[in-house]
1. I need the full set of residues from region 54-82 which are closer than 12 Å to Gly108 by Cα and of a type in the set (S, T, N, Q), in order please.
2. Give me a count of the residues in region 43-58 that are of a type in the set (A, V, I, L, M, F, W, C) and either touching a Ser or Thr at 6+ places or on another chain (Cβ under 7 Å) or surrounded by 15 or more Cβ atoms within 10 Å (Cβ to Cβ) (or both).
3. If I filter region 84-95 for residues that are touching an Asp or Glu at 6+ places or on another chain (Cβ under 8 Å) and either open to solvent by less than 80 Å² (accessible area, probe 1.4 Å) or of a type outside the set (Lys, Arg) (or both), do I get at least one hit?
4. For region 96-120, how many residues meet the condition of being closer than 16 Å to Ala7 by Cα and open to solvent by 40 Å² or more (accessible area, probe 1.4 Å)?
5. Please go through region 59-82 and give me each residue that is over 20 Å from Ala12 (Cβ atoms), open to solvent by 10 Å² or more (accessible area, probe 1.4 Å) and among the hydroxyl-bearing types (Ser, Thr, Tyr), ordered by number.
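The values are calculated or read from the model by the stated rules, or taken from the named source; none is laboratory data. All figures in this text were calculated on a predicted structure; none of them were measured in a lab. In this analysis, Cβ positions are derived from the backbone assuming ideal geometry, glycine residues included, and neighbour counts consider all displayed protein chains. Just so you know, the surface numbers come from the protein's heavy atoms only, side chains and all, with ligands and any DNA or RNA stripped out. Shrake-Rupley method; radii C 1.70, N 1.55, O 1.52, S 1.80 Å.
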Amino acid sequence: MSLRGIALYLHAAGAGILNETGSTGTIYLFHLPASPDSIISLFPAPGAPSSGTFGYDNPSIQIRVRGTNDPRVAYNKAAEIYALLHGLHQVTLPDGTWLLKCLGMSSGPVPMGTDNNGRYEFVLRFDTEIENITIHREN
């Protein structure tokens, strides 16, 4: 899965701070914490079927961006992430994943409205194609 690689890529690009060992930072994997206000959360999403013949997987990634009660905060961060990821191709992500392609499934951030605290949220979804290194054993 390229989820961690994408999070590390966003961290390296300055879009946010990934702290994998604690609860501080602004980039999170698999959850949407109550605080801080402005965060980026990455989740796996259903992707296209993979091919066992060619050695590539097609995971999709959903990225939720939450800001403040000013919608521009979350929208601008989501637009920044879209600009960083849409069309990214043929790169090795910081976790060693070979990313063949990353394409946005919409033409930019999609509004989700506000959460229970009035903070605006936007969502992005990306389809990716990554190398899947499989160990083949002869029986």
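1. Residue satisfying the conditions is Asn76 alone.
2. Final tally of qualifying residues: 2.
3. No: region 84-95 contains no residue that is touching an Asp or Glu at 6+ places or on another chain (Cβ under 8 Å) and either open to solvent by less than 80 Å² (accessible area, probe 1.4 Å) or of a type outside the set (Lys, Arg) (or both).
4. 4
5. Thr68, Tyr75
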